[in-house]
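The values are calculated or read from the model by the stated rules, or taken from the named source; none is laboratory data. Note that the coordinates shown come from a computational prediction; the quantities given were computed from them, not determined experimentally. Positions of Cβ are backbone-derived with ideal geometry, glycine not excepted, and every protein chain shown enters the neighbour counts.
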Amino acid sequence: MVYLYTSLKSIRGFCVDALPVYYGLPAEVDAGKEFLRILSQYHPSYLVQMQPDFYETRFLGPTTARLLQAGQIAEVHTAGAMHVYKVLRRPDHGLSTAR
């Protein structure tokens, strides 16, 4: 959707088997760690998070909150339930499991 509206390159926040995640079954992949891996591998400039419409928010929301608190991202725009964050520096992989 981001690409269609902006023509900017875009990627999903994590790559996991959606079926167990969608139906609330245990996922084989730690979504927080996968999210940080994607951020480290692709070096995005911005994160777009749409709540509560997309189920990824359940899994990426806590990691996004930790990145925000750690000063690694900063919110630059809000439109209703959509939040846009600028990536300020490479994420710390320890954030996905830190509470």
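What to note about this one:
- Consider segment 57-87 and keep the residues that are exposed (fewer than 12 other Cβ atoms within 10 Å of the Cβ) and assigned to a loop (DSSP other than H, G, I, E, B). The one that is modelled with the highest pLDDT is GLY71.
- Each residue in segment 1-33 was checked for being surrounded by 12 or more Cβ atoms within 10 Å (Cβ to Cβ) and either assigned to a loop (DSSP other than H, G, I, E, B) or modelled with pLDDT under 85 (or both), and 16 of them qualify.
- Boolean, TYR42 is over 19 Å from LEU88 (Cβ atoms) and either surrounded by 10 or more Cβ atoms within 10 Å (Cβ to Cβ) or modelled with pLDDT of 70 or more (or both): no
- Inter-residue pairs, beta-carbon under 6 Å, first farther than 18 Å from HIS83 by Cβ and in segment 30-45, second β-branched (Val, Ile, Thr) and not in a helix (DSSP H, G or I), 6+ apart: TYR42/ILE11
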